Amino acid sequence: MISALTKALGQMGDPKLQAVFWKGVIGSIVAFILLYAVLWGLLSQVAWTELPFYIGDFFAWMGDSFDVFGGVFFGGTILIATYFLFPAVMIAVVGIFLDDVCEAVEDKHYPHLGKARKITIVDSLWNALKFVGVMALVNIVAAPFYILTFWVIGLGLVLYYLINGYLIGREYYELVAFRRMSPKNAHRLRRAHRGQIMLAGAAVAFAMTIPIVNILTPIIAAAMMDHLFMRLPRRAEFMDAEPVSDLAKS
């Protein structure tokens, strides 16, 4: 895994990987602009001075200062929300373009394999949204267990990394493997190396908790998992069993 990570980091200067990063940044900014524009439009339709329980009377008493206060409050909320949510949105947006990361890695390090099956933008979008949704749902359900076990020698953190290591490892493994073999063979190969893949996923989960680093993590993780996949024992056996050209039939 260390070798795979080293190679992934060594390619971060690749223009193709940098292009994915900037697509994520621009896409995230656009998403926030659209979201806040919609929120501002909705809030501007609220009759604030007519709210019940004397709230409306208080806003009416404030007069013009209410507009100033409201603008400052809304702007401050935007800044805080953007700071905390930007990494998550960035991860989701970058997830749409991770197939480009795998392609860049394989063009440089494994050109003898030829072109892999191209993942469509629709499939990439669906996979990214599904991954974020599953991650959010599982962690919401597991949150009480994290809290209850956190004080037992940090067991809550261990549980967090185990759960998310499994989810992330599986997601990034499938991102890479499905480009080169059928889902059936990819699942068989994953089961044979589940520990190694889960350990890689746990490392990614840890990196995603580090500010700034978490923005780059999806790109590094996809590149690392690609290298890890190429080094898995018996990989060629499964690939030969069902060639890439037959993937469309599976």
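Which condition breaks for Asp57 when tested against (1) open to solvent by 40 Å² or more (accessible area, probe 1.4 Å); (2) under 30 Å from Glu106 (Cβ atoms)?
Going through the list (1) open to solvent by 40 Å² or more (accessible area, probe 1.4 Å); (2) under 30 Å from Glu106 (Cβ atoms), Asp57 breaks only (2).
Looking at the stretch 77-95, can you tell me whether even one residue there is open to solvent by 40 Å² or more (accessible area, probe 1.4 Å), modelled with pLDDT of 75 or more and outside any helix (DSSP H, G or I)?
no
Across the stretch 196-218, which residue is nearest to Val158 (Cα to Cα) among those that are assigned to a loop (DSSP other than H, G, I, E, B) and free of Cβ contacts under 8 Å to residues at least 60 places away in the same chain?
The qualifying residue nearest to Val158 (Cα to Cα) is Thr209.
Would you point out which residue out of Val101, Val158 is closer than 18 Å to Val204 by Cβ, assigned to a helix (DSSP H, G or I) and either modelled with pLDDT under 80 or open to solvent by less than 70 Å² (accessible area, probe 1.4 Å) (or both)?
Every option except Val101 fails the conditions.
Determine whether the stretch 175-185 contains at least one residue that is aromatic (Phe, Trp, Tyr) and either part of a helix (DSSP H, G or I) or at positive phi (or both).
no
Looking at the stretch 25-34, is at least one residue farther than 26 Å from Leu129 by Cα, of a type in the set (A, V, I, L, M) and surrounded by 10 or more Cβ atoms within 10 Å (Cβ to Cβ)?
Looking through the stretch 25-34, none of the residues is farther than 26 Å from Leu129 by Cα, of a type in the set (A, V, I, L, M) and surrounded by 10 or more Cβ atoms within 10 Å (Cβ to Cβ).
Pull out all pairs, ordered by first then second residue, where Cβ-Cβ is under 9 Å, the residues are six or more apart or on different chains, the first lies in the stretch 178-195 and is free of Cβ contacts under 8 Å to residues at least 40 places away in the same chain, and the second is open to solvent by 50 Å² or more (accessible area, probe 1.4 Å).
These pairs meet every condition: Arg190/Arg170; Arg194/Tyr166; Arg194/Arg170.
Exactly one condition in (1) β-branched (Val, Ile, Thr); (2) under 22 Å from Gln18 (Cα atoms); (3) loosely packed, with under 15 Cβ neighbours inside 10 Å is not met by Ile215; state its number.
With respect to (1) β-branched (Val, Ile, Thr); (2) under 22 Å from Gln18 (Cα atoms); (3) loosely packed, with under 15 Cβ neighbours inside 10 Å, Ile215 is out only on (3).
The values are calculated or read from the model by the stated rules, or taken from the named source; none is laboratory data. What you are looking at is a predicted structure, and each value in this text was computed from that prediction instead of being measured. Ideal geometry is used to build each Cβ from the backbone, glycine not excepted, and the neighbour counts take in all protein chains shown. The protein model used for the area step is the full one, side chains on, heavy atoms only, and it has no ligands, DNA or RNA in it. Shrake-Rupley method; radii C 1.70, N 1.55, O 1.52, S 1.80 Å.
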